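Comments concern the structure below.
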Amino acid sequence: MDPEKGVFNLLLPFLLLIVCTSTDTITPNQFIKDGGDLLVSNGETFALGFFSPENSNRRYVGIWYNKISEQTVVWVANREKPINGPSGVLFLNQDGNLAIYDKSQNITHWDTNISIAETGTNTGTFYSARLMDSGNFVLFQGDTVSNVVWQSFDHPTNTMLPHMKLGLNLRTGVDRILTSWKSRDDPGAGQYSYRVEPSGSPQLVLYNGSVRVWRSPPVWIENEMSGSPNTTYWFLFNASYIDNQDEVSTVYTLINNSIASTKFVDESGSLQMVSWLGRWVGFYSVPEDRCDSYRRCGVYGYCDSNNGREFECTCLPGYEPRSTDEWYLQDASSGCVKKRQALAMCGNGDGFVKVAKAKMPDTSKALVWKSLSMQECKEKCLRNCSCTAYVVGGRGICITWYGNLIDVRRFPDGGQDLYVRVNAIELGRSF
């Protein structure tokens, strides 16, 4: 006999007397069964229980907003292994793990998979699980939630809630990534994901499979340059960005906690920010225009949807289309190449031309330097023949790029002054 099945069967008569109907905590002698049992967070903001998507009979354990009339699921436990029918039970097994058990099939569909060795505790320690009013479902040891051994915030599905971190914990290796549902009727992991890219200067990237779809401006370094939290959506969110020896992550909080607001990746590959105002109202969605598409104008090209021309792509200063025929057909996928390639662009009178109001290029191969003046940053780039561009921000922050410049665009307002390296002839023509 399956040991877990045997233990469950022994406990079942006792547990049936102590079913959870509306509390925020599961203890070792309680459980949630399909058919109406719920956990409700202390402030009644979130509920946890069994549900089916709109056009499906399959059963999942999920978390949703408790007081919003339109059921909005923000987390799913068994997204890859639903139960066919109302025979599921969520309980704490003999190892202290949360588990979803199918009574009709006598199989476990999901568990938290935390071992005693990982938690550093002995077999006498008991565990409980609580749904917090943040929407975080936490498994903890002992009598209080101060010693969390597992939490749903470390295993997000398609939604990022306030106070939830997105990104990489460098100590534990946990990488918190948003992954779309397969469809509105199937919460299984879809093809789109949204994650923190920690290499170089960190940035947020939206993927379709392994292909980049959209990249945020490098908000980590922009935040450091301004010396204050990024508040692009100041009327709803305060966002902060962490980059240290322990983690590379981002987190946001709400300005007005009475308005439910969230971010999610939908099944069509759109990253959205929405608020509940009697209905879900979207106020931000990307990709939004053609210039939002990653690498829209190829290497050494930049995108400007307000350039007054039919084609939004232009080569950066000192560069020209690799294929004029493709460019004429408004195909910039092959990008741009350096003009006068025979002319050396290092120590031969070369310099820099400014591209104003720019979205910084992909920073995965950029270096960040601190406490440098404008002139010192320029000289640092000029001395290295591999340096192709630089940006100088506030508080003495200097960013230098090496190799291809990718995913540059110009904004109508805002952005940074990007200084692109050009040869002596192009430098002379720019003045």
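The values are calculated or read from the model by the stated rules, or taken from the named source; none is laboratory data. Everything numeric in this text was worked out from a predicted model, so none of it was measured. As a convention, Cβ positions derive from the backbone with ideal geometry for all residues, glycine included, and neighbour counts pool all protein chains shown. Surface accessibility is based on the protein's heavy atoms, side chains included, excluding ligands, DNA and RNA. Shrake-Rupley method; radii C 1.70, N 1.55, O 1.52, S 1.80 Å.
What relative contact order, as a whole-number percentage, does the chain give when Cα pairs under 8 Å and 6 or more residues apart are counted? Mind dumping the intermediate values first?
Values: 992 pairs, mean separation 42.1, N = 431.
The normalised contact order for the chain reaches 10 percent.
Residues in region 93-107 near a label at residue 154, defined as backbone nitrogen under 16 Å from the 7 Å Cα→Cβ point?
Under 16 Å, as judged by backbone N against the label point of residue 154, lie 96-99 of region 93-107.
Roughly what would the spin-label model give for residue 305 and residue 27, points 7 Å off Cα along C-beta, in nm?
Taking the simple label geometry, residue 305 and residue 27 are separated by 5.6 nm.
Per DSSP H run of at least 4 residues, take -39500 (n - 2.57); add these up for the chain, divide by its residues and hand me the 222 nm value, nearest 500 deg cm²/dmol. Don't skip to the end; give the middle numbers.
Values: 6 runs with 46 residues, N = 431.
The helix-only estimate for the chain comes to -3000 deg cm²/dmol at 222 nm.
Which FRET efficiency value, to the nearest 0.05, is calculated for residue 371 and residue 163 with the Förster distance at 56 angstrom and r the Cβ-Cβ distance? Before the final figure, lay out each step's value.
Working: r = 33 Å, r/R0 = 0.59.
Working from the Cβ atoms, E equals 0.95.
Filter the chymotrypsin sites (Phe, Trp or Tyr not before Pro) in region 175-212 to those in DSSP coil with at most 12 other Cβ atoms within 10 Å of their Cβ, and list the result.
Details: sites: 181, 192, 194, 207; in loops: none.
Here no loop site has a sparse enough neighbourhood.
If I stretch the segment between residue 402 and residue 289 completely, what's the gain in nm (0.36 nm per residue apart, minus their alpha carbon distance), one decimal? Let's see the in-between values first.
On the way: separation 113, 0.36 × 113 = 40.68 nm, distance 2.78 nm.
Extra length from residue 402 to residue 289 when fully extended: 37.9 nm.
How large a share of the accessible area of the chain, in percent, is made up of carbon and sulfur atoms when the probe is 1.4 Å and the other protein chains stay in place? Intermediate values should be presented prior to the final figure.
Working: 9500 of 19910 Å².
With neighbouring chains kept in place, the figure for the chain is 48 percent.
So, in nm, how far is label residue 281 from label residue 84 when the simple model puts each one 7 Å beyond its Cα toward the Cβ?
Output for this residue pair reads 4.5 nm.
What figure, in Å² to the nearest 10, do you get for the accessible area of residue 41 with a 1.4 Å probe and non-protein molecules left out?
Per-residue accessible area (residue 41): approximately 0 Å².
At 0.36 nm per residue, and after removing the present C-alpha to C-alpha distance, how many nm does the segment from residue 425 to residue 69 gain when stretched out fully?
Working: separation 356, 0.36 × 356 = 128.16 nm, distance 6.52 nm.
Fully extending the segment from residue 425 to residue 69 adds 121.6 nm.
How much area per residue is accessible in the chain when the probe is 1.4 Å and only protein heavy atoms are counted (Å²)? Numbers along the way, then the final one.
Numbers: 19910 Å² over 431 residues.
Accessible surface, normalised per residue, equals 46 Å².
Label-point separation (nm) for residue 383 and residue 323, each offset 7 Å from Cα along Cα-to-Cβ?
4.1 nm
Using modelled amide H (1.01 Å from N, peptide plane; none on Pro or chain starts), what sits under 5 Å from the amide H of residue 355, excluding residues fewer than 5 places away?
Residues meeting the amide H criterion: 418, 419, 420.
Quote the FRET efficiency, to the nearest 0.05, computed for residue 94 versus residue 199 with a Förster distance R0 of 45 Å and r equal to the Cβ-Cβ distance.
On the way: r = 42 Å, r/R0 = 0.93.
Approximately 0.60, to the nearest 0.05.
Compute the separation of the alpha-carbon centres of region 282-312 and region 150-227 and state it in Å as a whole number.
Their Cα centres are 22 Å away from one another.
Take every DSSP beta bridge with both residues inside the chain and express the antiparallel ones as a percent of the total, to the nearest 5. Kindly include the intermediate steps, with their values, before the conclusion.
On the way: 102 of 107 bridges.
In the chain, approximately 95 percent of DSSP beta bridges are antiparallel ones.
Taking R0 as 25 Å, what's the FRET efficiency between residue 134 and residue 54 from their Cβ-Cβ distance, rounded to 0.05? Intermediate results must be reported in sequence, preceding the final value.
Values: r = 26 Å, r/R0 = 1.04.
Efficiency at R0 = 25 Å is approximately 0.45.
Residue 107 to residue 395: extension gain in nm, 0.36 nm per residue of separation minus the Cα-Cα distance?
Numbers: separation 288, 0.36 × 288 = 103.68 nm, distance 5.81 nm.
Full extension of this stretch gives 97.9 nm more.
Express the C-alpha Rg of the chain as a ratio against the empirical globular expectation 2.2 N^0.38 Å, rounded to two decimals. Display every interim value, and only then the final one.
Values: Rg = 26.1 Å, N = 431, 2.2 N^0.38 = 22.1 Å.
Compared with the compact-globule rule of thumb, the chain sits at 1.18.
So how far, in whole Å, is the C-alpha centre of region 20-95 from the one of region 350-411?
Cα centres, region 20-95 to region 350-411: 50 Å.
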